[in-house]
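Notes to accompany the following structure.
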């Protein structure tokens, strides 16, 4: 084997070795990328699960708060309805008392008017006297 042939053989072996090293480095880089991709996907999955759990908890808390608010509003509305009915009943009672008082005053005014207009007529002297006695008596 000549020196040129030996040198060519060595260059070929070195080239083959360099190719084998490059291929091995590429394989290792591909494995590393695959591992990194798998880890990234796992981190993303865990993040998504935690976000979903947080969102579910937030929705549960909101629903619970809304239910509590609705319950309090219903209780308040019921209490206000009872108070309103009591107030309306009291107002109706007061209106009835005022109506009766006004009716009594109207009746007394009517009697006074009758005596003033017809009290001096002979047909009504007796009744006008009774009316005046009634009007001046205890109230």
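Any read-out appearing in this document is the output of simple, stated calculations on the displayed coordinates, not a laboratory observation. If you're wondering where the values come from, they're calculated on a predicted model, not measured in any experiment. Every residue, glycine among them, receives a Cβ derived from its backbone with ideal geometry; neighbour counts consider all protein chains shown.
Structure values in brief
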{"item": "Shape of region 51-105, Cα gyration tensor, a/c cut at 1.5", "result": "prolate"}
{"item": "Cα-derived Rg over Rh, computed across region 7-117 with Rh taken as Kirkwood radius", "result": "1.93"}
{"item": "Inter-label distance for residue 64 and residue 37, nm, one decimal - labels placed 7 Å from Cα along Cα-to-Cβ", "result": "4.3"}
{"item": "Helix-derived mean residue ellipticity, 222 nm - over the chain, DSSP H n ≥ 4, -39500 (n - 2.57), to 500", "result": "-35000 deg cm²/dmol"}
{"item": "Rounded tilt (10° steps) of 125-136 against the dominant C-alpha axis of the chain", "result": "50"}
{"item": "Degrees between helix 3-118 axis and first principal axis of the chain (Cα, 0 to 90, nearest 10)", "result": "0"}
